[in-house]
Amino acid sequence: MDKTNHPKLEEFQTKTIHEFSKTLEMFGLAPGDARLFITLYINPSPMTLDEMSEFLGKSKTSMSTGIRSLLDQGLVERVWVKGVRKDLYQANEELYRSFLSSFIENWVQAANEHKNNISHLQMDMRESHRTFHKENIAEQANYLYERTEEMKIFHEWIAEAFCNLIDSQKK
């Protein structure tokens, strides 16, 4: 995207990028990646790393890292244009679906990971059960174990709720 020669339009571009990036940060995107995505989203044509770097005033290396992150999340795509030798990138046009899918998948993955970590913790607690009895803290240990069971159920519920969102999104 070329910076315009019109100060007011440049101001609106900057404010648009700034404001919408706040929303995307709520979905877990790093601030720089959010600004990069918005820049691509509001640009009418695909951009090279050099163009992104110039527009955002960041290094080409920073742009490359950001693009890789956005590609991994399915938020941008590499496009081919006849006669252009440099890689070009554009934002995935299905903004709602892209972000919702990425956001939900991250939550499901995180919930499952936390549930597994709690399960491992419970195994360690069970192995220490004899020690807890000897030291007369079995009641406290049992209470903590019950709480971790509730935490596992909570994480299962979160994962299930988000999986249901994925299913409803596909319809």
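Hand me the tally of lysine pairs in the chain: alpha carbons under 20 angstrom apart, and the pair either on different chains or 8 or more positions apart.
Lysine pairs meeting both conditions in the chain amount to 8.
If I stretch the segment between residue 58 and residue 128 completely, what's the gain in nm (0.36 nm per residue apart, minus their alpha carbon distance), one decimal?
Contour length minus the Cα-Cα distance gives 19.9 nm.
Take residue 30 and residue 166, extend 7 Å from each Cα along the Cα→Cβ direction, and tell me the distance between the two endpoints in nm.
2.5
Would you please give the FRET efficiency between residue 48 and residue 109, computed as 1/(1 + (r/R0)^6) with r the Cβ-Cβ distance and R0 = 25 Å, to the nearest 0.05?
According to the calculation, E is roughly 0.20.
Taking the Cα centre of segment 1-157 as origin, sum charge times position over the Cβ atoms of Lys and Arg (+1) and Asp and Glu (-1), and report the length of that vector in debye to the nearest 20.
The dipole of segment 1-157 has a size of about 460 debye.
Using a 10 angstrom Cβ neighbour count of at most 13 plus a DSSP loop assignment to flag exposed GluC sites (Glu not before Pro), which longest range of the chain is free of such sites?
The reported range is 1-92.
On C-alpha positions alone, give me the angle between the axis of helix 138-170 and the longest principal axis of the chain, in degrees, nearest 10.
30
Can you tell me the length gained on complete extension of the stretch residue 94 to residue 154, counting 0.36 nm per residue apart and subtracting the Cα distance?
Between residue 94 and residue 154, full extension yields 18.5 nm more.
Answer with one residue from 80, 106, 138: the one whose Cα lies farthest towards the positive end of the charge dipole of the chain, charges on Cβ with Lys, Arg +1 and Asp, Glu -1.
Result: 80, furthest along the dipole toward the positive end.
Hull surface divided by four, with the convex hull built on the Cα atoms of segment 96-170: how many nm²?
Reported value for the Cα convex hull: 5.0 nm².
Evaluate the chain: find the radius of gyration of its Cα atoms, find its Kirkwood radius, and give the ratio Rg to Rh.
Dividing the radius of gyration by the Kirkwood radius yields 1.21.
Rule-based calculations on the coordinates, nothing more; no lab input. The model shown is predicted, which means the values in this text are computed figures rather than measured ones. Positions of Cβ are backbone-derived with ideal geometry, glycine not excepted, and every protein chain shown enters the neighbour counts.
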